[in-house]
Amino acid sequence: MKILVFGQIRDNAIEENVLGILNKLSEVFADSEISLALLANQINNDWVEELGKHGAKKVYTVEASELENYLSYPYVKSMLEIIEKTEPSLVLAAGTVFGEDLIPRLAVHHGISCAQRIVDISLDIDNILFHTPVRDDQAMRVTKLVGAIKFATTRTGAFFINENPSGKSPEVEKVEVTFEAEDMLVKHIEIKKAERTVNLKDAKLIVAGGRGVGGKDNFQILKDLATLLNGEIGATRACTDLHWIEETYEIGQTGQSVSPDIYIAAGISGAPQHLSGVKAKTLISINKDEGAPIFNYSDYGIVGDLHEILPILKKKLE
Amino acid sequence: MKIIVFIDQIVSTQVKLQGVDFFDPSKVDDVDLVINPTSKNAIEGALKLKNTFDAEKEEEEEGAKVTAVCVRGLKPIKALREAIAMGCTDAIEIADDTLYTEDPLLLAKIYVGALEKIGDFDLVFLSAEEQSSSSYAVGAMLAEKLGLPSVLYAEEIENIDGGFRVGHVLEGGRKIVEVPQKALISTSDSQYFTPRYTSMKGILNAKRAVIPTWTATDLGLSANVVGKEAASLQQVSLTNIVIEKESYIITEGEPEEMVDNLLSKLKEDEVKLGA
Ligand SMILES: Cc1cc2nc3c(=O)[nH]c(=O)nc-3n(C[C@H](O)[C@H](O)[C@H](O)COP(=O)(O)OP(=O)(O)OC[C@H]3O[C@@H](n4cnc5c(N)ncnc54)[C@H](O)[C@@H]3O)c2cc1C
Ligand SMILES: Nc1ncnc2c1ncn2[C@@H]1O[C@H](COP(=O)(O)O)[C@@H](O)[C@H]1O
């Protein structure tokens with residue numbers, strides 16, 4: 001079976017989730033032929049080598065100034081050309097913001113639907129099965145796609161990366177794509193990179209706040225608690241978007257990934273995009289809504305107002 | 001300016017239906033049917049643009065129109081009346097037993113059918129996610145089918161000459177792009193899209209509103225195109241995820257009691273807070 005993976009580049013390197021996909025594919029589809037598509041202004045040979053190490057047999061490259069930044073049309077156009085060349089049975093991308101934009105569009109061009117944010121992929125007798133958690137991860141939906149070519153994205157953080165990959169240099173094939181003015185209707189202006197001044201990766205304890213914190217000043221109690229417990233603070237994108245706290249503290253798919261022993265979540269609803277960045281040994285949450293999804297993931301929880309609970313908690317711990 | 005906003009109606013996440021029960025319509029009460037919170041963000045995006053446009057227009061010019069369209073839901077009319085109460089100009093219900101909306105490609109086809117029947121429009125708004133069971137694919141599929149420039153997961157919109165400058169969610173930050181005026185925008189739940197409340201005037205409009213119901217036939221779509229048999233994404237199974245770990249959630253007591261309760265349980269389980 002032929003599989004094509006979108007080799008997304010992020011910060012001048014292969015997106016980590018792409019490596020996770022390669023590892024998973026090598027487990028599930030032992031005899032498959034895995035190709036990668038690399039699209040960029042300029043291809044860096046290190047990317048090619050790294051993909052080879054992680055199991056890519058062949059890398060298709062498209063180099064063009066139009067591909068310097070992700071934009072739907074030029075990326076779709078390039079991928080369609082590569083698909084036509086490789087005739088894969090399965091096309092996969094990491095479920096990043098770009099991957100989730102790309103895959104449905106490619107699927108549309110092949111008149112088929114797609115499965116997004118899968119956390120597992122398996123083989124039935126003659127079907128590929130896609131596993132997607134639904135209803136705040138309370139239920140698992142398994143789907144199949146009907147058609148000769150199937151399209152899917154994976155949930156970020158779902159698959160492990162092989163730490164000791166031993167693959168060989170892949171074969172490289174250059175693909176020429178020409179772009180027209182109408183491919184560039186959406187104009188890339190800039191990427192406002194969030195400053196990452198504080199590294200939360202090694203924090204043993206994190207006190208994280210969500211929209212429920214209710215304001216910039218209210219973050220003080222979280223900071224005090226974190227200091228008391230020798231930990232760090234963290235926040236959801238909702239809070240950084242509101243400028244209640246610096247962007248560096250954002251945790252999740254688009255923020256930092258953390259793996260503390262203890263994660264205290266206050267006023268956080270528990271969106272998958274937030275939790276996909278949290279791998280805590282113990283998750284303690286405080287939320288005034290008993291139905292908040294965060295409780296489904298928590299080891300301990302208090303249904304209550306964080307403005308009441310946190311000060312008491314801090315006092316008792318002092 | 002004519003803006004179309006596609007909304008979904010869902011079972012409120014406040015409803016305590018666990019796992020697969022959540023997907024069983026026979027277990028759902030009408031009162032628990034609400035506009036998907038992220039659809040409210042999309043409505044807000046459309047209304048904000050309408051407000052800006054109306055404030056800048058010449059006196060004799062017609063105001064901007066926002067039409068809410070709902071396909072997904074057990075009682076779309078209810079969601080649409082609320083959309084009008086928030087400030088939408090009018091609404092269209094699309095309801096037909098033959099329509100299968102669990103497959104994002106079919107839903108995109110239904111939306112295309114609706115837009116073709118509506119005729120002229122400038123902008124399409126929708127939300128990127130349906131809570132709980134999203135396909136996360138409809139926005140991109142619709143944009144591709146329509147050949148419309150688009151932005152997914154928008155967080156802020158600024159009017160510029162001949163179009164919009166839009167910031168959207170991105171791993172590690174935010175990406176800024178510019179799209180022409182005729183475009184598709186899917187919204188995130190950023191502060192910019194915090195939904196407004198319904199207004200008195202809106203509620204009156206909603207009561208009076210005549211909301212047409214379009215069927216598949218009205219859209220020129222037959223079951224073999226948008227019915228379940230046409231779905232290429234097919235559900236094989238839906239099962240509860242059994243979580244082995246036990247969780248200890250304290251739901252009752254005075255705040256101080258709850259904290260004591262938590263701390264003693266942590267101690268019992270030998271979980272240490274801090275150094
Ligand atoms: C592509 C994409 C990527 C994303 N990436 C990320 C990411 O990396 N990280 C991230 O965090 N988000 C991310 N998001 C946003 C994510 O979808 C959610 O919108 C966000 O995580 C919600 O943040 P929240 O839990 O703080 O807010 P809400 O969902 O609004 O939850 C607030 C919670 O606080 C509770 N609450 C309110 N008041 C109180 C009180 N007084 N006491 C106790 N509890 C209270 C409420 O009951 C509620 O549960 C992303 C979104 C998209 C579309
Ligand atoms: N007084 C309250 N009691 C319990 N839950 C609430 C209350 N107010 C808001 N919520 C919940 O918190 C979510 C976010 O609301 P808010 O805090 O208003 O941003 C809502 O969707 C409700 O589920």
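Rg/Rh, computed from the Cα trace of region B:137-275 with Rh as the Kirkwood radius, has the value 1.14.
Put simply, when A:11-21, A:44-54 are sorted by average Cβ atoms within 10 angstrom per residue, most first, you get A:11-21, A:44-54. So which lysines can B:Lys245 reach, going by Cα to Cα under 19 Å and dropping same-chain residues fewer than 8 places off? The reachable lysines, counting only those whose Cα sits under 19 Å from B:Lys245, are A:Lys279, A:Lys281, B:Lys265, B:Lys267, B:Lys272. When Lys and Arg each count +1 and Asp and Glu each count -1, what net charge do the other residues less than 14 Å away from A:Phe29, Cβ to Cβ, add up to? It works out to a net charge of -2. Mean-square fluctuations from a GNM of chain A, with a 10 angstrom spring cutoff on Cα atoms, peak among A:Asp183, A:Asp101, A:Asp299 at A:Asp299. Note on chain B: GNM, Cα springs under 10 Å; of B:Val31, B:Val259, B:Val15, the largest mean-square fluctuation is that of B:Val259.
Build a GNM of chain B with springs between Cα atoms under 10 Å apart, and of B:Val28, B:Val242, B:Val179 the one that fluctuates most is B:Val242.
Bridging of B:Lys207 to aspartates and glutamates at a Cα separation below 19 Å is possible for B:Asp30, B:Glu82, B:Asp90, B:Glu93, once same-chain residues fewer than 8 apart are set aside. When the GluC sites (Glu not before Pro) in region B:200-275 are filtered for DSSP coil states and for at most 12 other beta-carbon atoms within 10 Å of their beta-carbon, the remaining sites are B:Glu244, B:Glu246, B:Glu252, B:Glu270. Taking Cα pairs under 8 Å and at least six residues apart, what relative contact order does chain B come out at, in percent? It comes to 22 percent, rounded to a whole number.
Counting other Cβ atoms within 10 Å of each Cβ, which trypsin sites (Lys or Arg not before Pro) in region B:176-262 have at most 16 and sit in a DSSP loop?
Answer in residue order: B:Lys182, B:Arg196, B:Lys245.
Where the eigenvalues come from the Cα gyration tensor of chain A, what are the semi-axes √(5λ) of the equivalent ellipsoid, largest first, in whole Å?
The equivalent ellipsoid of chain A has semi-axes of 39, 21, 18 Å.
Taking one quarter of the surface of the C-alpha convex hull of region A:236-318 gives a mean projected area of 5.6 nm².
Peptide A:93-102 shows a mean partner chain C-beta count of 4 within 10 Å per residue C-beta.
Beta bridges from DSSP with both residues in chain A: antiparallel share about 20 percent, rounded to the nearest 5. Here the 3J(HN,Hα) profile of region A:132-149, calculated from phi with Karplus coefficients 6.51, -1.76 and 1.60 at θ = phi - 60°, is 10, x, 10, 6, 6, 6, 7, 10, 10, 9, 9, 10, 10, 10, 9, x, 6, 10 Hz, Gly and Pro shown as x.
The shape of the protein assembly as shown can be summarised by an equivalent ellipsoid whose semi-axes, obtained from the alpha carbon gyration tensor, come to 35, 33, 24 Å from longest to shortest.
The H on the amide N of A:Gln8, modeled in the peptide plane, is under 5 Å from the matching H of A:Glu15, A:Ala94, each at least 5 residues off or on a different chain.
Take each residue in A:181-192, count the other chain C-beta atoms within 10 Å of its C-beta, and the mean is 5.
Please report the spacing between the Cα centers of region A:250-308 and region B:22-39 in Å, no decimals. Comparing the Cα centres of region A:250-308 and region B:22-39, I get a distance of 25 Å.
Based on C-alpha pairs under 8 angstrom that are at least 6 apart in sequence, region A:205-317 has a relative contact order of 25 percent.
Provide the FRET efficiency to the nearest 0.05 for the A:Lys216-A:Arg196 pair, computing r from the beta carbons and using R0 = 22 Å. So the FRET efficiency works out to roughly 0.60. Relative to the longest principal axis of the Cα atoms of chain A, helix A:97-109 runs at roughly 40 degrees. Compactness of region A:2-184, taken as the C-alpha radius of gyration over 2.2 N^0.38 Å, stands at 0.97.
Over region B:158-197, the hull volume per residue, using the convex hull of the C-alpha atoms, is 89 Å³. When the convex hull of its Cα atoms is viewed from all sides, region B:2-230 shows a mean projected area of 13.4 nm².
Our Cα-only numbers for region A:111-175 put the radius of gyration and Dmax at 15.2, 45 Å. When both bridge partners sit in chain B, DSSP labels roughly 40% of those beta bridges antiparallel.
Rule-based calculations on the coordinates, nothing more; no lab input. Keep in mind that this is a model prediction, so the values were computed, not measured. Glycine also receives a Cβ, built like all others from the backbone with ideal geometry; neighbour counts cover every protein chain displayed.
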